[in-house]
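Engineer: Below are the structure tokens for one structure; questions will follow.
Values in this text are rule-based calculations from the coordinates and carry no lab data. This one's a predicted model, so the numbers in the text were calculated from it and none came from an experiment. Positions of Cβ are generated from backbone atoms using ideal geometry, with glycine treated the same way; all protein chains shown enter the neighbour counts.
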Amino acid sequence: MKRYFVLLLFVLTLALAACQGQPAEINGQQVSVDGGSYTNVDADELNTMLQDEDFVFVNVHIPFQGDIADTDLSIPYDQITEPGNLAQLPAEKNAKIVLYCRSGRMSAIAAESLAKLGYTNIWNLEGGMVEWEQAGYPLEAK
């Protein structure tokens, strides 16, 4: 009976270890633009990044159509380089900033604009909120 219990405990330990797995890897896709670059991530990668949110999370879509949870700022994509809006972003050019919009187009434009200003740690949700929802993740109410 004792041997059966030890064997059962061993099997359960292996099963639990297998279930924990490793967190998803954040590879992203580097996008080179005039003056710098930014990194595209997909919805699953962003979801993983949000577990340890170590960045400023910015919705740049206009008009407003909802947020991904834990969004820090809403800044229109075509006004992100205006002094008042830049003042809301970290002063350090190497600070991690993640941008998103509805489809990914506006956030890509904003990412390129920030890269041209010398920001070096810009991330963009490729496919935007559309991809986020298609991957099964919720949006906050509009």
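Engineer: Place a point 7 Å from the Cα of Thr81 along the Cα-to-Cβ direction; which residues of segment 103-120 have their backbone N under 18 Å from it?
Structural biologist: Only 105-120 pass the distance filter.
Engineer: With no solvent and one equal point scatterer per Cα, compute the Debye intensity ratio I(q)/I(0) for segment 17-111 at 0.10, 0.15, 0.19, 0.22 Å⁻¹ and report its log10, rounded to two decimals.
Structural biologist: Listed by q, the Debye log ratios stand at -0.29, -0.62, -0.97, -1.29.
Engineer: Still on this structure, I have one more. So what is the relative contact order of segment 27-134, in percent, for Cα pairs below 8 Å that sit 6 or more residues apart?
Structural biologist: On the way: 213 pairs, mean separation 37.5, N = 108.
Value for segment 27-134: 35 percent.
Engineer: Related question: Where does each of Tyr119, Tyr100 land when they are ranked from fewest to most other beta-carbon atoms within 10 angstrom? The partial results should precede the final answer.
Structural biologist: Values: Tyr119 23, Tyr100 30.
Going from sparsest to densest Cβ surroundings: Tyr119, Tyr100.
Engineer: Determine the gain in length on full extension of the stretch Ala135-Gln88; use 0.36 nm per residue of separation and subtract their C-alpha separation, reporting nm with one decimal.
Structural biologist: Values: separation 47, 0.36 × 47 = 16.92 nm, distance 2.99 nm.
Net length gain for the segment: 13.9 nm.
Engineer: Hey, if you drop one equal point scatterer on each alpha-carbon of segment 66-142 and run the Debye formula without solvent, what base-10 log of I(q)/I(0) do you get at q = 0.17 Å⁻¹?
Structural biologist: Computed log10 I(q)/I(0) values: -0.64.
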